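See structure below.
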Amino acid sequence: MISIKNVSKSYGDTRALKDFSLEIPEGGIMGLLGPNGAGKSTLIRILTQIIEKDSGEIIYKGQTLDHSHIGRFGYLPEERGLYKKMKVGEELIYLARLKGLSSGEATEKAINWVKKLDLKDWWNHKVIDLSKGMQQKIQFIATVVHEPSVLILDEPFSGFDPLNAGVVRDLILELKKSGVTILLSTHRMESVEELCDRIVLINKSKKVLEGDKQQLKDSYKENKFRIRIKGNGIGVLEGIDHQLVEDSGLESEYLIKPRTEQLASSLLKSISEKVDLVAFKEELPSVDQIFKQVVNQSNHG
Amino acid sequence: MGKIFLVTSREYITRVRKKTFIVMTILTPLLMMGLLVGTIWFSTQKGERKSILVIEDGNRLSKFFSDNEELDFEFSSQEGSGDEELALKSHYGLLKIPEFDLRDPKGFEFTSEQNPSLDLVKTMERQIEGGIKELRLKESGLTRGFLDSLEANVTLRTFNVSGGSEKESHAGVSFGIGYVAAFLIYLFVFIYSAQVMRGIIEEKTSRVVEVIISSVKPFELMLGKVLGVAGVGLTQLMIWIVLGLLFSTLGVGFLSPDMDAVQMNPQQQQMAEMADLPWISALLDFPVFTFLFSFLFFFLGGYLMYSALFAAIGSAVDAETDSQQFMLPITIPLIMAIVALAPVLNNPQGPLAFWLSIIPLTSPVIMVARIPFGVEWWELCLSMLLLIGGFLFTIWIGSRIYRIGILMHGSKVNYRILARWLFKSY
């Protein structure tokens, strides 16, 4: 869908992106992660053609990305902004028309979206008269109203209460289902865990990690298992590295790490012979853990 | 092109629909008319008459003094005047005339509690000078009647020769129209350029700009805004021209009976002398179409040139208060043009007038002031071409700074940074 090839960008003497390459496959949600100042915003601004890259190339559906593709992209910036004194309806139509829709199409689609998010009564109100949550919803509609094929969302949940954050999450999943390619930049790891199919991690203007979320988790797992047993388990876990997580008196939970690499099934078998097992689960690293580990490694390496 | 049009029409519609636009468009000419009528009304009102006590022994000079609209003279001798402070209680001031030599008159003094106005001092000087003249006349043995018979009053009618035909020229009409037109251009350029700047600062601080430039190029957004505001300016101008014509027709009818009573300053006197000639022919001879076309051209050209620079400033700063330091150097040429306006109108073909009407930064104001006096066609063309070049250049500069400035937040900008934005491909 989008191939980013060896893209570099500097602001004066500051290097924001160095020799950055990335394949964004069609459909699905790609999480764009990285510490502050890593170069995420620069990458987003280059993809949305707000700024120009210094070198490298970007291919969108087999063509070099240029201004003719702008209508295929939707962008929700982290710093939200609307014309506050415009009426909701007029503003949505204006923004949709800037993306290349005709007046009729823009009106029809804007009305549909406003109905969908229960904001129909506000169509003729000025944006400034809306609550912050409603303004955020309008901003979200403005991002998707022209039905883009690529959606770039920068911290889409900030400013929403949990209820509305849920609404937005459902909308994102719905858009994904309809085939939209989504690039999601966020610091909220729980959103990444929940929504993303792939992950790319930027640190210090370079790509340090990229891949399918599940595969990454597999490759970063440390051969640890989480078990829950009856009793406190004292004396029965000899010969296995173990760490008590919780002891409720009746049951206790341990993280165990066998000394040798072995299949989960054989481990399960050997443990269940010794203890009264309630639960057994392979312990996979969270995205948050992978993030911290990789960033630390790249900072010190 | 389509996107520029979208931006332009949004800028235009949101501004024209605003209540402040409608109110200001209607109120401004009313205020102007009110100001004009008020000034004329006040100038026709006579001030309180002031009584002046003239103290002179022997009444040698003061017998020639005569009361006028403002002054009453009372006369007293040195001994009869009594206490000075007491006299000032009942009189505005005391004019003391000592013994003086007719060949070298001096030693006249005026005392009052308030500072006398320049007008008052001049009036009293004229009274004294008149008296001395009469005394000298008498001494030389000439009579007043003989002297009056020497006076002559001639009115010179001036003609321009252009294209083989002779046309009567009207310096007074040209002066008036040139002055008003130049001043309007100055005001418009200032007001509308500042509107562009304010609009850009608003877009930047409300962060909507990032959403917009993910859809349009920064240059398209800037140009769209500049053109939209230009449309607002033209609309306002058209409304004012119509209202102005309406009011001036009504106003002239209303004011003219009183006009004779108005005390005239030299400029008005010049105009009044012109009134000897038929005004209508003066206006008919006036190059209306050249003038209107040039006025619109120089208004648009000047506005485009300055608004691009104001746009650059707006994009570079985070708040309007930060814009002051950058605005000063840009507005200096405009202010210079207004300062030079009076000398230019007094000598519309002089070197100052020529050069200021050719240089793009001042030409919109100065050329429009010169046109009513008649300008060589090559000068007009050169000025217009240079103005086009000028605004293309400032739009280039403006857009270079704008494209980077609108994305910068929180960083203090100075001239060196602006120069870097201008020349580096950020």
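The values are calculated or read from the model by the stated rules, or taken from the named source; none is laboratory data. Every value quoted in this text rests on a predicted model; they were computed, and no experiment measured them. Cβ sites come from the backbone with ideal geometry, for glycine too, and all protein chains shown count toward neighbours.
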Handout entry: Filter result for A:V150 (in contact with a Leu (Cβ under 9 Å, 6 or more places away or on another chain), assigned by TED's automatic domain parsing to the domain that holds A:C196 and within 27 Å of A:V200 (Cα to Cα))
Key = yes
Practice task
Would you tally the residues in region B:37-65 being assigned to a strand (DSSP E or B) and over 19 Å from B:K106 (Cβ atoms)?
Solution key: 4
Problem - Close pairs from region B:1-23: first part of a helix (DSSP H, G or I), partner among the charged types (D, E, K, R), Cβ under 7 Å, at least 6 apart - result: B:K3/B:E220; B:I4/B:E220; B:L6/A:R97; B:V7/B:E220; B:V7/B:K225; B:E11/B:K225; B:F21/B:R15
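Among helices (runs of 4 or more DSSP H) lying entirely in region B:82-163, which contain 3 or more residues that are surrounded by 11 or more Cβ atoms within 10 Å (Cβ to Cβ) and either not aromatic (F, W, Y) or not assigned by TED's automatic domain parsing to the domain that holds B:P348 (or both)?
Working: elements: B:84-90, B:118-140, B:144-150.
It comes to B:84-90, B:118-140.
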Handout entry: Where B:N59 falls short, out of the listed (1) more than 14 Å from chain A (Cβ to nearest Cβ); (2) within 40 Å of the chain's Cα centre (by Cα); (3) polar (S, T, N, Q); (4) surrounded by 12 or more Cβ atoms within 10 Å (Cβ to Cβ)
Key = (2)
Practice task
Give the residue, chosen from A:L175, A:L184, A:L171, A:L201, that is part of a strand (DSSP E or B), at pLDDT 90 or above and within 30 Å of A:L117 (Cα to Cα).
Solution key: A:L184
Practice task
Might you let me know whether region A:87-102 holds any residue that is under 30 Å from B:K19 (Cα atoms), aromatic (F, W, Y) and surrounded by 20 or more Cβ atoms within 10 Å (Cβ to Cβ)?
Solution key: yes
Completion exercise
For A:S41, the lone unmet condition from (1) assigned to a loop (DSSP other than H, G, I, E, B); (2) of a type in the set (S, T, N, Q); (3) touching a residue at least 60 places away in the same chain (Cβ under 8 Å) is (1)
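Scan region B:183-219 for residues that are polar (S, T, N, Q) and within 14 Å of chain A (Cβ to nearest Cβ) and jot them down.
Of everything in region B:183-219, those that are polar (S, T, N, Q) and within 14 Å of chain A (Cβ to nearest Cβ) turn out to be B:T205, B:S206, B:S214, B:S215.
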Exercise for the section: Go through (1) touching a strand residue (DSSP E or B) at 6+ places or on another chain (Cβ under 9 Å); (2) within 11 Å of another protein chain (Cβ to nearest Cβ) and name the single condition A:G71 misses. Expected result: (1)
Exercise for the section: Taking B:V375 as the residue in question, decide whether it is crowded, with 18+ Cβ neighbours inside 10 Å, under 16 Å from B:G301 (Cα atoms) and not small (G, A, S). Expected result: no
Handout entry: Subset of region A:49-60 (residues that are surrounded by fewer than 21 Cβ atoms within 10 Å (Cβ to Cβ), outside any strand (DSSP E or B) and within 22 Å of the chain's Cα centre (by Cα))
Key = A:Q49
